[in-house]
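Below you'll find the structure, written out as structure tokens, and then a few comments.
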Amino acid sequence: MTEVEPQEDTEYLEDAEEEQEAAIEGEIYEYQEENGLDSAVRQLQEVQDKEFVEVRLPADIVAEAQQAWQTFIGSSSSREAAGEAIYAALFDSAPTLQSLFKTARSVMALRFMNGLNSIISSAASPSVLKTQVETLGFQHLDLEVTIPRVVIFRDAIINLLQMEVGARFTTKARLGFLSLLNYVGGAYIYIRREYAVRIKIIASSWRTASNKAAEFIGQGEEEAAEGEGEGGEGERGEANKADAEREEETRRDTQDSKDGARASGEARNKNSNMKVPTTFNEMFLFNGAVMGFANSLWMSIILEQFDAMVTNVANS
């Protein structure tokens, strides 16, 4: 007799998952045949990333989803424990996704919990739901959200609820979570794609305002000059000497002009004593002084942290 090779555990798990998915799809199909599906629910059976509009789910489906969610929270010892369960379910199903998140596990688990809770809680109000999802989408601009990753996240959440809630996770509740998670995932993709240009404009504008582009160019020229070798050092020496002579001549001319202006009385003009802001920091402080905030410490604190805020605008 031919010896049959033992089936690996992973194959058993894959078969079990396929059977479970087939059973779920069968339940949804039966529900659709008996009750019909709302147009919004029917559309959100798949991830929709081509548009981001308000969505109104049937009240009974929303109510069932919210009830299942409250049952899940109630079955956990705390909200932190519920967040840990979500975190574990997600990364057990797709360990590669863990590299996307740099935050500590406990903090990230609580974020998952709070994010899902806000989505489920606002599901009955299309406008509130859209605003909430949009806010979360802007917090995930630094992550490359794709449809396959959305599917992994969605299925991990649904499977966790099915396991924890059991019979209370009805077909309507499953449809509700399926629709909401597809809606959220599609919105994340849409926001990242459509608003990425705005983020680039902010970054480039800030580089210009803070003279970072000029500094970068200057640094690049210095590094290129350093690699020219000893032969180039002599040429640079002559060039630097010529530049220094021109600068000295310009300085003398400028000084002569100032001396002449003082001699003729023009220096007593009030406008000549006014220093015109030439950098972003100077303009910021100048505008603050005009508005009466010259002695406000918090203005200087904002100025110190402004670079970090702008450069991390898309960092969640």
Radius 11 Å from Cβ of residue 89, net charge of other residues (Lys, Arg +1; Asp, Glu -1) = -4
Rank these residues by their accessible area, most exposed first, probe 1.4 Å: 113, 163.
-> 163, 113
Using the Karplus curve 6.51 cos²θ - 1.76 cosθ + 1.60 with θ = phi - 60°, work out ³J(HN,Hα) for each residue of the range 192-206 in order, rounded to whole Hz, and write x for Gly and Pro.
-> 5, 6, 7, 9, 4, 4, 5, 5, 5, 5, 4, 5, 5, 5, 5
From largest accessible area down, sort 53, 133, 151; use a 1.4 Å probe on the protein chains.
-> 53, 151, 133
Cα gyration tensor shape for the range 39-122, rounded if a/c is under 1.5, else prolate or oblate = oblate
Roughly how many Å² of residue 100 are accessible to a 1.4 Å probe, to the nearest 10?
-> 50 Å²
The answer for the net charge of residues other than residue 130 whose Cβ lies under 13 angstrom from its Cβ, with Lys and Arg +1 and Asp and Glu -1, is -2
Taking K and R as +1 and D and E as -1, what net charge do the other residues with C-beta under 14 Å from the C-beta of residue 148 add up to?
-> -2
Give me the percent of Cα-Cα pairs in the range 89-167 that sit more than 15 Å apart, rounded to a whole number.
-> 66 percent
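The values are calculated or read from the model by the stated rules, or taken from the named source; none is laboratory data. Not measured: the values here are computed from a predicted model. Quick reminder, even Gly has a Cβ in these numbers, built from the backbone with ideal geometry, and neighbours come from all protein chains shown. With ligands, DNA and RNA removed, areas are computed over all heavy atoms of the protein, side chains included. Shrake-Rupley method; radii C 1.70, N 1.55, O 1.52, S 1.80 Å.
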